[in-house]
1. Which residues, counting only those in segment 184-217, are out of contact with any Phe, Trp or Tyr (no Cβ under 8 Å at 6 or more places or on another chain) and of a type in the set (Lys, Arg)?
2. Can you tell me which residue is surrounded by the most Cβ atoms within 10 Å (Cβ to Cβ) among those in segment 159-188 that are at pLDDT 95 or above and part of a strand (DSSP E or B)?
3. Does GLU31 satisfy being at pLDDT below 95, surrounded by fewer than 18 Cβ atoms within 10 Å (Cβ to Cβ) and closer than 23 Å to ARG162 by Cα?
4. Could you grab me the full set of residues in segment 100-138 that are closer than 21 Å to ASN148 by Cβ and among the hydroxyl-bearing types (Ser, Thr, Tyr)?
5. Any residue at all in segment 23-35 that is of a type in the set (Asp, Glu), closer than 22 Å to LEU103 by Cβ, in contact with a strand residue (DSSP E or B) (Cβ under 7 Å, 6 or more places away or on another chain) and not in a loop (DSSP other than H, G, I, E, B)?
6. For segment 1-22, which positions are within 10 Å of the chain's Cα centre (by Cα) and farther than 22 Å from ASP61 by Cβ?
7. State whether the residues of segment 52-63 include one that is in contact with a strand residue (DSSP E or B) (Cβ under 7 Å, 6 or more places away or on another chain) and of a type outside the set (A, V, I, L, M).
8. For a quick check of your reading of the model, give me the residue pairs whose first member lies in segment 197-217 and is without any contact (Cβ under 8 Å) to a residue 24 or more places away in the chain, whose second is part of a helix (DSSP H, G or I) and hydroxyl-bearing (Ser, Thr, Tyr), with beta-carbon atoms closer than 9 Å and at least 6 apart or on different chains.
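The values are calculated or read from the model by the stated rules, or taken from the named source; none is laboratory data. Quick caveat, the model's predicted, so the values are computed rather than measured. As a convention, Cβ positions derive from the backbone with ideal geometry for all residues, glycine included, and neighbour counts pool all protein chains shown.
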Amino acid sequence: MIILDIETSGIDTGRCGIWQIGAIDLQTKKEFLEESRIDDDDLVEESALKVIGKTEKELRDRKKQTQKQLIMNYLTWIKSVKEKLFVGQNVGWDLNFIQNKCLKYGIMDKFREVMGQRGIDLHTLTQIKYHEINGKYLLKDKGSSDMNLTNVLKFCGISDERIKMEDGSKMGIVEKQGKPHNALDDCKLEGECFSRLTEGKNIFPEFSKFKIPEALK
């Protein structure tokens, strides 16, 4: 089972770029984390820069490997993982982002060889568990889902120390200051939540200080 998370220059899967891919094989705890420069034609959103704590110049650093090479290295890493089942917060978005880049670079054969287009969405899993316990789903005032990763972590008894942007803000309005997002760090957060939701267990030592809620044990 692979926990997958990517960091990008924005949320548009067709026009933005991937600058960081993180992944963890939950069976072996083997990790993958690499960075690249985004393509010259990739769009950069102001809100994304604030989330990752980078500048556009850093994302376009010519000294870094190409985005295509980053994805090739990631796909090669996946070959060594026995259970190629992907898990993450809104993981379909991550998979779609990588797939779009593979289409752009003409490497879809390699993508199909080692990856699927579906995964287990941590958001959905948490909403189901939340409903089992509370008899309702966690929704915003206007009725849409409010189960972002911050609230997934809260439900699993973990404090979110990352920077948080205001929902729906295209201009990059910060709701809460904190650590910049990092793909591997987010993988660990998501993997820990997945374990707590499905088995009621702590799997990463850095989160042992956070008690597992009784309802999840």
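1. ARG196, LYS201, LYS209, LYS211, LYS217
2. Among residues in segment 159-188 that are at pLDDT 95 or above and part of a strand (DSSP E or B), the one surrounded by the most Cβ atoms within 10 Å (Cβ to Cβ) is ARG162.
3. Working: at pLDDT below 95: no; surrounded by fewer than 18 Cβ atoms within 10 Å (Cβ to Cβ): yes; closer than 23 Å to ARG162 by Cα: yes.
So GLU31 fails the test.
4. THR124, THR126, TYR130, TYR137
5. Just the residues of segment 23-35 that are of a type in the set (Asp, Glu), to begin with: 25, 31, 34-35.
With the extra rule that they be closer than 22 Å to LEU103 by Cβ, the set shrinks to 34-35.
Still in the list and also in contact with a strand residue (DSSP E or B) (Cβ under 7 Å, 6 or more places away or on another chain): 34-35.
Narrowing further to those that are not in a loop (DSSP other than H, G, I, E, B): 34-35.
Yes, segment 23-35 contains at least one residue that is of a type in the set (Asp, Glu), closer than 22 Å to LEU103 by Cβ, in contact with a strand residue (DSSP E or B) (Cβ under 7 Å, 6 or more places away or on another chain) and not in a loop (DSSP other than H, G, I, E, B).
6. Passing the criteria: ILE3, LEU4.
7. First, the residues of segment 52-63 that are in contact with a strand residue (DSSP E or B) (Cβ under 7 Å, 6 or more places away or on another chain): 52, 59.
From what's left, of a type outside the set (A, V, I, L, M): none.
Checked segment 52-63: no residue is in contact with a strand residue (DSSP E or B) (Cβ under 7 Å, 6 or more places away or on another chain) and of a type outside the set (A, V, I, L, M).
8. Here the result reads LYS201/SER195; ASN202/SER195; PHE204/SER195, each pair linking segment 197-217 to a residue that is part of a helix (DSSP H, G or I) and hydroxyl-bearing (Ser, Thr, Tyr).
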